[in-house]
Amino acid sequence: MKALQFANIERLYWIPVVLAVVTLLPWYASWQRRRGMARLGDPGLLSRLAASVSRPRRIIKSVLFGTAALLLVFALARPQIIARRRIEIQGMDVVVAVDASKSMMVADVEPVVAKGEATRLARARAYALDLIAQLPGDRIAPMVFASGTAHFPLTADAEAASNFLTSIGPADLPQGSDLVLTVKAGRCLLRPDLYDQEKCSNVTGRRGNGGSELWKPAAKDAASKNAKPTDEEIEVETEERGKAIVLITDGGEDIPGVQTQVQLANQLGIAVFVVGIGSDEGGEVYDIDGNGKRTKPKHDKAGNLIVSRREGAALTQMVGPTRYFAEAGAGDVAVTPLVEALQTAARGKASKVVTRPTDIFTPFVFAAFLLLLIEGVISERRRRLYPDQPRTVERK
């Protein structure tokens, strides 16, 4: 199905102005010619000059010029053909979970950008954003966690997923690092069909409309609210998508409990990857204020500074050596190994009806150019061998 629309429809309002100019311009030119001829004052010369002018040709030139002007206005409004077609989609569903506990505020890594923040959290966010950018066509469920989780349902909008990860920090979550809860929440996001069986209401809350397209106008009546979704809103899955959870963290507690959750995820076809953030030497842990900014170093009960290190061995134990990637924090983030590992996973197939606008202003510009070329070639005067020679009338 095809339909016509204009990307800049407000420019069509110029048409009345163009019509007025095209109508008045010949009249103004004729008035100027009459004034000029009146100044000459030679009746014989005036009659000979006027005799060579072709009024039909002037009218034709005005029509061609006006039509070309209207075509240019039409082209400036950017006419587009909207075609609906069904496309094939290949990809997988990935939960990208970023640790936002206090230990992630440790400054034992290099900033990703010059004069940037040199904390584990800043580096974890940079890693997550780069990872999302390297997964076009995949659906992302962003998650920020500490002892609780804040998450967003699967979405194909990479910008929305990235904004979610950067907008929530340590001050927005209860502190701690509950990886058991995080893996279970990721499992619930990836397998909503097992919502009741997995008791996901205790982890991700009740089912809702999160992740729905935000650009759609709100329904104005009950009938619209209860209307069935159109073909464009339905993605028909022909082959099940691959599913994965990516945990970006510096470590956590209850390793046996996390291993159990990882095994349950694997049984459901969900691969779990871990990216370890931080250095082996570690750094001091700080308290944070209400804005998530570091305040003063933390001490244990004996008065010693609390130091946090990347728990590489424990994280490797959770998922195995092939699914653990260390991000020590030197230079740019290195997402390529993880991207390659994700790309080897099964990538499902789905189809969806989409609309694609195609600009069609080029033919109108070309037609306007041809009309202006023809208008410039046509002369206003009749073809006479000796136009300045007075006509002789044969008398009988």
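The values are calculated or read from the model by the stated rules, or taken from the named source; none is laboratory data. This one's a predicted model, so the numbers in the text were calculated from it and none came from an experiment. Ideal geometry is used to build each Cβ from the backbone, glycine not excepted, and the neighbour counts take in all protein chains shown.
Somewhere in the stretch 354-375, is a residue among the small types (G, A, S) and at pLDDT below 90? No, the stretch 354-375 has no match at all. Quick check on my filter: what residues within the stretch 171-204 are among the charged types (D, E, K, R), modelled with pLDDT under 80 and in contact with a helix residue (DSSP H, G or I) (Cβ under 6 Å, 6 or more places away or on another chain)? E198 - this is the single residue of the stretch 171-204 that is among the charged types (D, E, K, R), modelled with pLDDT under 80 and in contact with a helix residue (DSSP H, G or I) (Cβ under 6 Å, 6 or more places away or on another chain). Restricted to the stretch 146-177, and to residues there that are within 12 Å of the chain's Cα centre (by Cα) and in a loop (DSSP other than H, G, I, E, B), the residue that is farthest from L189 (Cα to Cα) is D157. Being loosely packed, with under 11 Cβ neighbours inside 10 Å and closer than 16 Å to R78 by Cα is the filter; apply it to the stretch 9-33 and report the residue that is farthest from the chain's Cα centre (by Cα). Top of the filtered list is Y13. On inspection, L247 qualifies as within 23 Å of R120 (Cα to Cα) and either at pLDDT below 90 or crowded, with 17+ Cβ neighbours inside 10 Å (or both). Taken together, the criteria exclude V96 from residues that are more than 20 Å from the chain's Cα centre (by Cα) and either over 21 Å from G283 (Cβ atoms) or not in a loop (DSSP other than H, G, I, E, B) (or both). Considering only residues in the stretch 294-314 that are touching a Gly at 6+ places or on another chain (Cβ under 9 Å) and in a loop (DSSP other than H, G, I, E, B), the one that is surrounded by the most Cβ atoms within 10 Å (Cβ to Cβ) turns out to be R310.
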